[in-house]
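Structure, as structure tokens:
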Amino acid sequence: MPGMHHDAPCDGCLGTRRCWICLGTGVVDRRQGGVDACARCYGSGKCTLCQPVSVVDLGSPYGLTTAYEADDDPESSAGSAG
């Protein structure tokens with residue numbers, strides 16, 4: 001139809017503008033159970049080929065560790081010996 005604007009389909013998302021890894025949800029299932037933020041779109045759900053996502057690194061929060069980091073840290077269990 002004349003006057004209608006159509007964007008060309010993107011190679012990654014075929015014009016849906018959704019991330020093709022997580023299908024626009026922003027999360028992916030982990031093998032161990034639960035979900036993680038999609039590494040391709042950084043949890044945005046957007047196709048990164050036709051809508052680039054800006055990522056701002058805020059660093060790591062002071063004093064907080066994840067479960068796998070606490071298991072690897074020998075100092076975290078040093079005080080528990082009795």
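Where a number appears in this text, it was derived from the coordinates with a stated rule and is not lab data. If you're wondering where the values come from, they're calculated on a predicted model, not measured in any experiment.
At a glance:
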| read-out | value |
| --- | --- |
| Average projection area in nm² (convex hull over Cα atoms of the range 3-52, one quarter of hull surface) | 3.7 nm² |
| Added length on full extension, which subtracts the Cα-Cα distance from 0.36 nm per residue, residue 57 to residue 25 | 9.4 nm |
